[in-house]
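A.B. asks: Input: one structure, supplied below.
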Amino acid sequence: MGYAGSTGPLSNINQDGFPSAAFHSRPETLAWDGITGDYGGGFLGMALNSGTYVAEDSDLGLVAYGGILSTDGGKSTVQVKDAVRRRFFIGPLSLLVSIDAGVIEQFSFDDAGSVSFTIAQQDGGLNATQAAVWVESTGGDTWTVGAGEEGRGGWVVPLSGPTTVDISRN
């Protein structure tokens, strides 16, 4: 419910592009709320917290929120489908990766801690020449990005087209 709640503002945009605080789904109403007062805060929260999150569930196994997960042997690949496509978290590795330009198309990882992801340009958007990549560990591990140069508090990776970035645990 937490992930669905954070993406809820996307469902509150009517077909004319008008944001609404809610759609009233009671049978006697079935109409968009005409006041947008609470919409901005919810939309900002969705934009700032959007990401694709992989977790290990004791009943379901490996699950992805905001992406399509496939597993082949010990390697898992996630097609990123969240609204912003600039952040992913891999729970079993305690790894959070964020970028500042372009979009993350997919990422792959294995149990040994090998991670790779593909950054591309946003279709129909302005093209960036580089992207900053920030890597954080919630488990105390240190990670190294195998492309680009250190800078901007992370690594700066050139973007001339779809670019694959490898990350390894130190």
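The values are calculated or read from the model by the stated rules, or taken from the named source; none is laboratory data. Predicted model, so just to flag it, every value in this text is computed and none were measured. Neighbour counts run over all protein chains shown; Cβ positions are idealised from the backbone, glycine included. In case anyone asks, the SASA skips ligands and DNA or RNA and just uses the protein heavy atoms, side chains included. Shrake-Rupley method; radii C 1.70, N 1.55, O 1.52, S 1.80 Å.
A.B. asks: Using the Cα centre as the reference, give the magnitude of the dipole from point charges on the C-beta atoms of the chain (Lys, Arg: +1; Asp, Glu: -1; all else neutral), rounded to the nearest 20 debye.
C.D. replies: Its charge dipole is roughly 220 debye.
A.B. asks: If I model a spin label at THR142 and SER98 as a point 7 Å from the Cα along the Cα→Cβ vector, what separation in nanometres do I get?
C.D. replies: 2.2
A.B. asks: Could you order ILE99, ILE68, ILE13 by accessible surface area, starting with the largest, using a probe radius of 1.4 Å?
C.D. replies: Highest to lowest solvent-accessible surface, that is ILE68, ILE13, ILE99.
A.B. asks: Here's something else I'd like to know. I need the shape label for the stretch 68-170. Rule: rounded when a/c is under 1.5, else prolate if a/b > b/c, else oblate, with a, b, c from the alpha carbon gyration tensor.
C.D. replies: oblate
A.B. asks: Let me ask something else. Probe of 1.4 angstrom, ligands and nucleic acids ignored: what's the accessible area per residue over the chain, in square angstrom? Before the final figure, lay out the partial values.
C.D. replies: Numbers: 9670 Å² over 170 residues.
Using a 1.4 Å probe on heavy atoms only, each residue of the chain averages 57 Å².
A.B. asks: Further question on the same structure: How far is helix 39-49 tilted, in degrees, relative to the longest principal axis of the Cα atoms in the chain, given as a value from 0 to 90 rounded to the nearest 10?
C.D. replies: Approximately 10 degrees, to the nearest 10.
A.B. asks: Looking at the chain only, what percent of DSSP beta bridges run antiparallel? Nearest 5 please. All intermediate terms of the calculation are to be shown ahead of the outcome.
C.D. replies: Numbers: 50 of 53 bridges.
In the chain, DSSP labels about 95 percent of beta bridges as antiparallel.
A.B. asks: Here is a further query. Could you work out the helix-only [θ] at 222 nm for the chain, with each DSSP H run of four or more residues adding -39,500 (n - 2.57) and the total divided by the number of residues, to the nearest 500 deg cm²/dmol?
C.D. replies: Helices in the chain give a 222 nm mean residue ellipticity of -3000 deg cm²/dmol.
A.B. asks: So in the stretch 50-89, what percent of DSSP beta bridges are antiparallel if you round to the nearest 5?
C.D. replies: Roughly 85 percent of the beta bridges in the stretch 50-89 run antiparallel, per DSSP.
A.B. asks: With Cβ to Cβ distances under 9 Å as the rule, what net charge do the other residues near GLY74 carry (K, R +1; D, E -1)?
C.D. replies: -2
A.B. asks: For LEU62, what residues show an amide H to amide H distance below 5 Å, using hydrogens built from the backbone and excluding near sequence neighbours?
C.D. replies: Amide H neighbours of LEU62: ASP57.
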